[in-house]
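The values are calculated or read from the model by the stated rules, or taken from the named source; none is laboratory data. These numbers come from a predicted model, not from an experiment. Cβ placement follows ideal geometry from the backbone for every residue including glycine, while neighbour counts extend to all protein chains displayed. Each accessible area value is taken on the protein alone, full model and side chains, heavy atoms only, with ligands, DNA and RNA left out. Shrake-Rupley method; radii C 1.70, N 1.55, O 1.52, S 1.80 Å.
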Amino acid sequence: MNFKCILFLLVSWISFAQNGEFPSAKVDSIVNRIQLPVFPSYQINIVKLGAKGDSVFNNKAVFDKAMALCKKNNGGTIIVPKGIYKINGPIHFVSNVNLRIEKGAKIKFSDTPQDYLPMVLTSWEGTMLYNYSPLIYANNCTNIAITGEGTINGEGGKTWKTFKEKEEAGKNRSRDMNHNSVALKDRLFGEGYFLRPQMIQFLNCRNILVENIRIENSPFWCLHLLKSQSVTIRGVSYKSLNYNNDGIDPEYAKDVLIENVTFDNGDDNVAIKAGRDHEGRTNTATPSENIIIRNCNFKGLHGVVIGSEMSAGVQNVFVENCKTVGYLKRGIYIKTNADRGGFIRNIFVRNIQLDEVEDCLYITANYHGEGSGYQSDISNVHFSNITCNKASESGIVIQGFPDRKIKNITLKNIEIKSAKNAISNENAENVLMTDFFIGKRATVPTSAK
């Protein structure tokens, strides 16, 4: 591509970001460069290796052997046929592997924390550290997939659930290590710190596909895309209602397509993150960017969230053609505070149907009223064609700071049929509202009598 073409695309993109038009060409260019994984022809059925789908037998060694055989053959497909396969410990991916969980098959993980030791490099609420292994874990892998119409069950509602009330000391220790730049090798957690592992985590991976599976009963976040790029998540369904059961968490992630997903989660459906505080603000941290969310059904705490752990920045997020199938606390929620720094910019949301929410659209730079010294920049956020039947609290909330205002917000063709509070807008500039209705639409004025 020559310089003139590059300059034209850049100028076009800046124009879209300023006038609020949904940049469909930009979305198409991201989708076109996302690479689906490819796999060698080698296949292995776990039953042929001695697996038993009786929900009792521990199949950990069988899955480990299947991964080892794939590695020996430079990759392949691991077939999990109908049955319930208990696994006392994690599945660790190697490159070029498709874990195909067929219809009627369920992988059911143990809930014994010691089964997920030794510790692995991971992240917990925006801080890199060593902790229990995620139940399905890939580190520095290329061309990996979880496919099929089967189910993954994390057994998160028993032992792991009890960790929630015990996690405070470990959580605070991790944040102190973040703020004080403690060496990564010394950030050791695991036993005694009660930080729950994610269900599925891809760390430093490329060319990822998760398709058509069902995710249930996660201990913590369900699907964590950490420092990974070229990711496709489609046709997935959820029923995971434990504490902090976010559906999908892209963090320091790039070029991500999330489509045709049916959420039913105990927390955020999609939560876009980019590291926390000092660690996220370092020169080596990278923003989460080029994330597309489309044709999804939302159900849970919030639909799409950006933040609050976003210190490396979030940009170029495109949400379209989504709807709710039940109650949400907030439809679209952008949140940061004065501890985070970083930026949130170039966010485009269109064609969203919400039913009943607490708040419809919410943008705050002062989340929980916390922090000082590191206010975030929020700019170029655009909403169009949004409908909502009822907001039990606020229709629209925009909260900046007097010395760091939120800039360039467009609200076009917005209809909220009922709201306790219509709009709260403070410390924002260049907020443009067009065809904007909260409550009953006005008709022609009545005449004087």
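Can you tell me which residue within region 416-449, out of those that are over 17 Å from residue 362 (Cβ atoms) and among the charged types (D, E, K, R), is most open to solvent (accessible area, probe 1.4 Å)? Selected residue: 449. Scoring residue 373 on the criteria (1) of a type outside the set (A, V, I, L, M, F, W, C); (2) surrounded by 17 or more Cβ atoms within 10 Å (Cβ to Cβ); (3) not in a strand (DSSP E or B) leaves a single failure, condition (2). On the stretch given as region 234-254, residues that are open to solvent by 10 Å² or more (accessible area, probe 1.4 Å) and closer than 19 Å to residue 35 by Cβ total 4.
Restricting region 334-353 to residues that are open to solvent by 10 Å² or more (accessible area, probe 1.4 Å) and without any contact (Cβ under 8 Å) to a residue 60 or more places away in the chain leaves a set whose member that is farthest from residue 418 (Cα to Cα) is 343.
Please verify whether residue 47 is surrounded by 15 or more Cβ atoms within 10 Å (Cβ to Cβ), touching a residue at least 12 places away in the same chain (Cβ under 8 Å) and touching a helix residue (DSSP H, G or I) at 6+ places or on another chain (Cβ under 6 Å), treating the condition exactly as stated. In short, no. The residues in region 395-449 that are part of a strand (DSSP E or B), within 30 Å of the chain's Cα centre (by Cα) and at positive phi can be counted, and the count is 3. For region 240-250, the criterion of being outside any loop (DSSP other than H, G, I, E, B), under 19 Å from residue 132 (Cα atoms) and touching a residue at least 24 places away in the same chain (Cβ under 8 Å) is met by at least one residue. The set of residues in region 217-233 being open to solvent by less than 10 Å² (accessible area, probe 1.4 Å), more than 18 Å from residue 98 (Cβ to Cβ), assigned to a loop (DSSP other than H, G, I, E, B) and in contact with a Phe, Trp or Tyr (Cβ under 8 Å, 6 or more places away or on another chain) consists of 219, 220, 222. Just to be sure, is residue 67 modelled with pLDDT of 95 or more and either in a helix (DSSP H, G or I) or surrounded by fewer than 15 Cβ atoms within 10 Å (Cβ to Cβ) (or both)? So residue 67 passes the test.
Yes or no: residue 231 within 20 Å of residue 154 (Cα to Cα) and touching a residue at least 24 places away in the same chain (Cβ under 8 Å)? Let's see the steps before the verdict.
Numbers: within 20 Å of residue 154 (Cα to Cα): no; touching a residue at least 24 places away in the same chain (Cβ under 8 Å): yes.
It is false that residue 231 is within 20 Å of residue 154 (Cα to Cα) and touching a residue at least 24 places away in the same chain (Cβ under 8 Å).
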